[in-house]
């Protein structure tokens, strides 16, 4: 594959990663609003698990492709090298931004889940104390 083709593939994969992150955020929000033990909630969690696996696999693939592009850029000579390095660095930044967004969304979900569990625990303790 040509460098240009590989760069295009990596850019498209990063766009897919961003779309997956947006979808995960939506699914996380839905799961926080689901009633526990509801079949729809279980389906949402299965979707989250599947999309997480796909996203993690995609992340690894992108990382490998970027390393390959970096190696090709270092091996290039002349003006091509500078162009290839610049383009690869741009892809690398775009990838880092996507990963950062992914991590922020995952952290926010963990925090909201923890807060929900704490509220449920406090409600449960209060209900037991009232009885």
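The values are calculated or read from the model by the stated rules, or taken from the named source; none is laboratory data. Predicted, not measured: the structure shown is a model, and the values here were computed from it. We place every Cβ from the backbone using ideal geometry, glycine too, and count neighbours over all the protein chains shown.
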Quiz item: If you scan the stretch 32-48, which residues turn out to be within 28 Å of residue 97 (Cβ to Cβ), modelled with pLDDT of 90 or more and over 12 Å from the mean Cα position of the chain (by Cα)?
Solution: 47
Quiz item: Filtering the stretch 1-25 down to residues that are more than 11 Å from the chain's Cα centre (by Cα) and surrounded by 14 or more Cβ atoms within 10 Å (Cβ to Cβ), which residue is modelled with the lowest pLDDT?
Solution: 3
Quiz item: If residue 103 satisfies every condition in (1) without any contact (Cβ under 8 Å) to a residue 60 or more places away in the chain; (2) within 20 Å of residue 5 (Cβ to Cβ) but one, which is the exception?
Solution: (2)
Quiz item: Applying the selection to the stretch 68-98, what residues are surrounded by 14 or more Cβ atoms within 10 Å (Cβ to Cβ), closer than 30 Å to residue 24 by Cα and without any contact (Cβ under 8 Å) to a residue 60 or more places away in the chain?
Solution: 70, 89, 92
Quiz item: Counting only residues that are at pLDDT 95 or above and over 22 Å from the mean Cα position of the chain (by Cα), how many does the stretch 68-104 have?
Solution: 0
